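Participant: First the structure, which I've put down as structure tokens, then a few questions once you've had a look.
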Amino acid sequence: MESKKAVIYYRVSTEDQAQFGVSLEQQKKNCVSYAEANHIEVVKMFHDDGESAKTVDRPGLQEMLKFCAQKGRGIDCLMVYKVDRLSRNVNDYSNILVFLSKLGIKLISTTEAIDETPTGKFIGNIMAASAQFDNDIKSQRVTACMREKLEQGIWCWKAPFGYLNGRDETNRKTIVLDEKRAPIIRWAFEQYATGSYTLEEIRREINKKGLRAWKGGEVSSQLMNRIITCKFFIGVMTSKGEDLDNGTHERLISEELFYKCQAVLRRNNKADNISRSRPSEAFALKHFVICAYCGRPLTAYFSTGKCGGEYPYYRCYNKDCASKKSIAKKKIENDFVDYLKDIVPTDKFAKSFKAVILDVWQDEYKRINSDRERQLKRTESLKNEKAKLIEMKKKELLPDDDFKEAFDKLRSELNEMEANLSEVRVSEFNIDEAVDYVFDFFKALPRHWEEATCEQRIKLQSLIFAEKPVYDYIKFQTPKLSPILQIKKDLALANSSFVAPTGIEPVLPH
């Protein structure tokens, strides 16, 4: 009789089994012995070490199937120790059988009675279904165990960024603060909460401080966004879209600091970003100044002279614009400084406006404190409702769906309330000194802009102008300004006695 040819596939699912190799060798030896006893020539052997059979995405299995497809006419059978070594999923098992059948390859289990007869196929399907059932039961138990751990406040997976997996004094797995990363992350939250920096500026600073991602690279913009919105830092664990705020791990920051940062993040996202494209370090007005003729932002470039020198220019990039196309950087920036000199408050204006600010401040301070007291009471009421809801769930007085809907709604309102509280926090300070400082700064606005770096200029411009300024290549035209500067403009136009304007209040500290 002509000797049949076969390939052997064997697998173990755990790293420990793969390392010690007992199960691998046992499967291999059993298949080889079966082949010798039945005069079957083993052409090649394939195996997967530490791979689960829940899916077919296994290197050894894929290599074996590819080999069979290429050598299909020369291979008579595929030998496995047991059906569950090949697959523990009924659909995958059936698909593999169909694939082998098209190639004329028979599946042989050296320990199970499967063959091409109806009974043998039925037994094979029963074996695969039993393996899948076993997997499903284990998966269900693991999921229930994980859920129980979460409800106990224990994180069961890899530690989030800023934490490390460790063990406590009883050698149980736990989560501990990463002593190298945690202080820098805490610093990032503290700085961002001031509202003085963008996320990009914070990202650059923490990279300078040496904060690195898991694989050693610099913190990316995506990671920075995940950091600033990570609730794990305040004890809230998220699983499948559900938040559980009973984490037993050490908090990295306070809830107040976290929600204050979320308020700043929402405010920054809603704000009109005057220039979304990052200008070069040489052109602070690039994409910021609007052409008066066509209404499009000016761009900038360097022109190369005959002797090789580079000369900076601003220009309108609209080919259909009727304006002159280019203007020297020095010219437009000098015009911009002159414009700043024209819009800054005078001493007489500052003195008159200061009296109004002090009156408005007193009224606003009282109103804010009153609102804060009201919001504190509402926050306390929401916390009590939350505690009652959890107690009802423990006593199984609420169905899971009703509890989740009510709990999510309550949590959302509570988070919003805490964010609002962080925004209306008012500290005692010397209002006279604060107003004097602001007006002293505004009076020196042109000098501050000239001495600033490109990045500082861009930030300063965004504070001064609520809308982009318009330039007609001779002078700047007055757009919508920040409140204080706009008041000066309105007063000058009206030429009237000074009264407190409606809706103009000082910016309150946080």
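Quick note: the coordinates plus some simple rules give every number you see, no bench work behind them. Remember, predicted model here, so these are calculated numbers, not experimental data. Neighbour counts are summed over all protein chains in view; Cβ atoms, including those assigned to glycine, are modelled from backbone coordinates with ideal geometry.
Participant: Would you kindly derive the ³J(HN,Hα) couplings of segment 359-364 from the backbone phi angles with the Karplus curve 6.51 cos²θ - 1.76 cosθ + 1.60 (θ = phi - 60°), listing them in order in whole Hz, with x for Gly and Pro?
Facilitator: Working through the residues one at a time gives 5, 5, 4, 4, 5, 5 Hz.
Participant: For the residues 31, 294, what sequence is obtained by ranking on other C-beta atoms within 10 Å, fewest first?
Facilitator: On the way: 31 26, 294 14.
Exposure proxy ranking, most exposed first: 294, 31.
Participant: Can you sort 402, 76, 168, 84 from fewest to most other Cβ atoms within 10 Å of each residue's own Cβ? Walk me through the numbers before you get to the answer.
Facilitator: On the way: 402 13, 76 18, 168 9, 84 22.
Least to most surrounded, the residues fall as 168, 402, 76, 84.
Participant: Let me know the Kirkwood hydrodynamic radius for segment 353-396, please, with Cα pairs as the basis and the value in Å to one decimal. Provide the component values of the computation, followed by the final result.
Facilitator: Values: mean 1/r = 0.0766 Å⁻¹.
That comes to 13.0 Å for segment 353-396.
Participant: Would you report the distance distribution of C-alpha pairs in segment 289-360 as whole percents per 10 angstrom bin, up to the bin with the largest distance?
Facilitator: 17, 31, 22, 16, 12, 3, 0
Participant: Can you compute the FRET efficiency between residue 459 and residue 307 using 1/(1 + (r/R0)^6), with r the Cβ-Cβ distance and R0 = 30 Å? Round to the nearest 0.05. Walk me through the numbers before you get to the answer.
Facilitator: Details: r = 36 Å, r/R0 = 1.21.
E(calc), rounded to 0.05, equals 0.25.
Participant: Same structure, new question: Each label point is 7 Å from the Cα along the Cα-to-Cβ direction; what then is the distance between the points at residue 113 and residue 229, in nm?
Facilitator: Placing both labels 7 Å beyond Cα along the Cβ direction yields 6.0 nm.
Participant: Near the amide H of residue 470, under 5 Å away, which other amide H atoms are found, from residues 5 or more places off or on another chain, if H is placed in the peptide plane?
Facilitator: For residue 470, whose amide H was placed from the backbone, the distant partners under 5 Å are 290, 477.
Participant: For the residue pair residue 42 and residue 101, what label-to-label distance in nm results when each label sits 7 Å from Cα along the Cα-to-beta-carbon direction?
Facilitator: 2.8 nm
Participant: Now, a different point. Could you please rank 157, 361, placing first whichever residue has the fewest other Cβ atoms within 10 Å of its Cβ?
Facilitator: Working: 157 11, 361 16.
With the fewest neighbours first, 157, 361 line up as 157, 361.
Participant: Excluding residue 163 itself, calculate the net charge of residues whose Cβ lies under 12 Å from the Cβ of residue 163, where each Lys or Arg counts +1 and each Asp or Glu counts -1. Mind showing how you got there, number by number?
Facilitator: Working: positive: 158, 180, 181, 251; negative: 178, 179, 250.
Summing Lys and Arg as +1 and Asp and Glu as -1 gives +1.
Participant: Of the cross-linked pairs 180/409; 4/66; 215/286, which ones have a Cα-Cα span greater than 27 Å in the structure shown? Could the numbers behind the result be given before it?
Facilitator: Numbers: 180/409 37 Å; 4/66 20 Å; 215/286 37 Å.
Beyond 27 Å between Cα atoms: 180/409; 215/286.
Participant: Something else now. Read phi for every residue in segment 251-263 and hand back ³J(HN,Hα) as whole Hz from Karplus 6.51 cos²θ - 1.76 cosθ + 1.60, θ = phi - 60°, with x for Gly and Pro.
Facilitator: With coefficients 6.51, -1.76 and 1.60, one gets 6, 7, 9, 7, 4, 4, 5, 4, 6, 5, 5, 5, 5 Hz.
Participant: Turning to a different aspect of this structure: Give the long-range amide H neighbours of residue 178: residues separated by 5 or more places, or on another chain, with amide H under 5 Å away, using H modelled in the peptide plane at 1.01 Å from N.
Facilitator: 163, 164
Participant: Now, a different point. Determine the sum of side-chain charges near residue 301: Lys and Arg each +1, Asp and Glu each -1, restricted to other residues whose C-beta is under 13 angstrom from that of residue 301. Don't skip to the end; give the middle numbers.
Facilitator: Working: positive: 286, 315, 325, 329; negative: 310.
Summing Lys/Arg as +1 and Asp/Glu as -1 gives +3.
Participant: Counting only other residues whose beta carbon sits under 11 Å from that of residue 87, what net charge do I get with K and R as +1, D and E as -1?
Facilitator: Working: positive: 11, 54, 58, 82, 85, 88; negative: 84, 92.
Result for the local shell: +4.
Participant: Considering only 165, 233, 196, whose Cα is most displaced toward the positive end of the charge dipole of segment 163-270, charges sitting on Cβ of Lys, Arg (+1) and Asp, Glu (-1)?
Facilitator: Towards the positive end, the residue furthest out is 196.
Participant: Next question, about the same structure. Go through segment 213-226 residue by residue and turn each phi into a ³J(HN,Hα) via Karplus (6.51, -1.76, 1.60, θ = phi - 60°); whole Hz please, and just put x for glycine and proline.
Facilitator: The phi angles translate into 5, 4, 8, x, x, 5, 5, 7, 4, 5, 5, 4, 5, 5 Hz.
Participant: Right, here's the next one. Cα centroid distance between segment 380-408 and segment 156-173, in Å?
Facilitator: After rounding, the separation between the Cα centres reads 30 Å.
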